[in-house]
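All remarks here apply to the structure that follows.
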Amino acid sequence: MTKVRTFLHGLWTSRTRGGRVRIAVALVLVLSATALFWASRDYAVVAPDWDGQVRGVAYTPSHMYTKEALKHVSPEQIDRDMRQLSAVTGHIRTYTVDGGMDKVPEIARRYGMTVTLGLYLTADLEQNEKEIELGLKTALANRRTIDRVVVGNETQTFGMISVEQLNAYILRVRHALPASRSPPPSLSQPGCWCQKRRKMSI
């Protein structure tokens, strides 16, 4: 250790090459200290064993990684996913009824699961009409499976539609799905929209 310190001291006090050696030594020391610091914190974290069920899972069909693929989700694909997911949860949350996703509640019921049904809204008002109509049809046909309908997820976060438009959609769904007979509608938004909440019918 003494020899190493003597060697480093010699390099540090050397005037060779206008002090470049000192700079190189300092850089090596800093990099070494940084590497040792992070290496000391690089340890494996072992997750505890889990043999129970989680309260719910947000569902998007597996092995479908493009928007084009998600336009045509087959009942067989949904059935395979529900069969696997039913082993770890009894509740599914969806984000749309488009592209075959309206079949999720019917299939989930076979495995004793409940569903929070999401209706995805955008700036495309014509597509919104199709989403709302199919969502209402799906909710009314699966009252015992669907526990809640989420209308216009994150539309306010990304400015897809106005507060007034979203409010009208929520009221429309609420009136079509009386609480005494069907799941209630709601809105899923992060905290940043809270200043607009007074205008909402939720």
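The values are calculated or read from the model by the stated rules, or taken from the named source; none is laboratory data. Every value quoted in this text rests on a predicted model; they were computed, and no experiment measured them. Positions of Cβ are backbone-derived with ideal geometry, glycine not excepted, and every protein chain shown enters the neighbour counts.
Key figures
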{"item": "Selection from the range 98-115 of residues that are in contact with a His (Cβ under 7 Å, 6 or more places away or on another chain) and under 22 Å from residue 54 (Cβ atoms)", "result": "113, 114"}
{"item": "Flag for residue 102 being more than 21 Å from the chain's Cα centre (by Cα) and closer than 21 Å to residue 170 by Cβ", "result": "no"}
{"item": "Residue count for the range 19-57, restricted to those that are of a type in the set (Ser, Thr, Tyr), modelled with pLDDT under 80 and in a helix (DSSP H, G or I)", "result": "1"}
{"item": "The range 109-136 residues that are under 28 Å from residue 88 (Cα atoms), paired with ones that are small (Gly, Ala, Ser) and not in a helix (DSSP H, G or I) (beta carbon under 6 Å, 6 or more apart)", "result": "111/86; 113/86; 113/90"}
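Yes/no matrix, rows are residues, columns are (1) surrounded by 10 or more Cβ atoms within 10 Å (Cβ to Cβ); (2) at pLDDT below 55; (3) under 16 Å from residue 140 (Cα atoms):
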position	(1), (2), (3)
167	yes, no, no
173	yes, no, yes
191	no, yes, no
197	yes, yes, no
